[in-house]
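K.L.:
Sending over a structure as structure tokens; questions will come in a sec.
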Amino acid sequence: MAIYPGNVPKHDSISALLPSGTASLVFKPTATTSTYLTLNRAAAVEGSSSSGGFGMTNNLLVADTFKNSSEMAELGAKVSLLDGKAFAGAALYTQKRNRQNVRFNLPDEIRVQGLELEAVYQPNRSFNAGANFAYSEANFVNGPLPGSSQTTPAFSPSSPSGNFGAYPAGDYRVPGLPRWLANAYASYTHASGLGASLGLNTQGEQNLDLFGIVKIPAQQTWNAGVFYKMKRLELRLDFLNLTDEFNWRATSTPFAGADLVTRELPFHVQGVIKYTF
């Protein structure tokens, strides 16, 4: 650190206890069914309060730096079917993220609530198939703070919005997250080691700003592959974005003005050689 003549470097220290923990309760009403309840709390430090460091106020560290936390509750059930050849599960969850913004001395809170479903079918060692679905609602709690995401009405792909907007506080939908995701796959492996797989990934529409001026529409991606497995060697050839969909992804976070997007890769082929020692 450079020290200029006539200036005395400032320093400060601070300590805090950050309690985190998880508690779970499992109940098995039958031999093939189980339910569970999980509670989780995690504490964290705001490490980016000054572009990667700890911001100081009047040359002192701010105790609010330690007020970040996440609280979650999840209730779920799992069941085995068809003599263990099939499996299904479901879960409901709610989570609240509390982030203390030391610049404004205000809390920046997000609540997420959702549902997850999954199923797997494996009648023998050769065939395996599965699917999962997730739905979630993520909203600011009476936010967001000033200096959050915005979208300039005259949107231009070459000039994304800044992050200097200030809006009336409200329970805005968090940008950059689709409301639902769904995936499905199937894989078959012959006794010789030859096999093939097919998978589908889909997601719902997502806003890239608070007001949905810029959106990524619902999109899907098909992937396929062929492979050959031996005891130590695996050869695989994947055909990604098989139907050459024109899909999109955000190039930044909502905080940085996330209405700048780029295209996902078009149809392409990827080869993998894996050897286990």
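K.L.:
Name the residues in region 234-272 that are assigned to a loop (DSSP other than H, G, I, E, B), at pLDDT below 95 and surrounded by 15 or more Cβ atoms within 10 Å (Cβ to Cβ), would you?
P.N.:
Answer for region 234-272, where residues must be assigned to a loop (DSSP other than H, G, I, E, B), at pLDDT below 95 and surrounded by 15 or more Cβ atoms within 10 Å (Cβ to Cβ): Ser252, Gly257, Ala258, Asp259, Leu260.
K.L.:
Being basic (Lys, Arg) and closer than 28 Å to Tyr36 by Cβ is the filter; apply it to region 52-98 and report the residue that is surrounded by the fewest Cβ atoms within 10 Å (Cβ to Cβ).
P.N.:
Step one: of region 52-98, the residues basic (Lys, Arg) are 67, 78, 85, 96-97.
From what's left, closer than 28 Å to Tyr36 by Cβ: 78, 85, 96-97.
Values: Lys78: 17, Lys85: 12, Lys96: 15, Arg97: 19.
Selected residue: Lys85.
K.L.:
Another one. Please go through region 209-233 and pick out each residue that is under 28 Å from Ala131 (Cβ atoms) and either part of a loop (DSSP other than H, G, I, E, B) or among the acidic types (Asp, Glu) (or both).
P.N.:
Step one: of region 209-233, the residues under 28 Å from Ala131 (Cβ atoms) are 215-229.
Pro217, Ala218, listed by residue number.
K.L.:
Considering only region 9-127, give the strands (runs of 3 or more DSSP E) lying wholly within it that have at least 3 residues that are over 24 Å from the mean Cα position of the chain (by Cα), of a type in the set (Ser, Thr, Tyr) and at pLDDT 95 or above.
P.N.:
On the way: elements: 21-30, 33-44, 68-81, 86-101, 106-121.
Counting at least 3 such residues, we get 33-44.
K.L.:
While we're here: Of the residues Tyr135, Tyr188, which single one is part of a strand (DSSP E or B), of a type in the set (Phe, Trp, Tyr), within 28 Å of Thr94 (Cβ to Cβ) and modelled with pLDDT of 90 or more?
P.N.:
Working: Tyr188 fails: within 28 Å of Thr94 (Cβ to Cβ).
On inspection, the qualifying residue turns out to be Tyr135.
The values are calculated or read from the model by the stated rules, or taken from the named source; none is laboratory data. Everything quoted here is computed from the prediction, not taken from an experiment. Backbone-built Cβ (ideal geometry, glycine too); neighbour counts: all protein chains shown.
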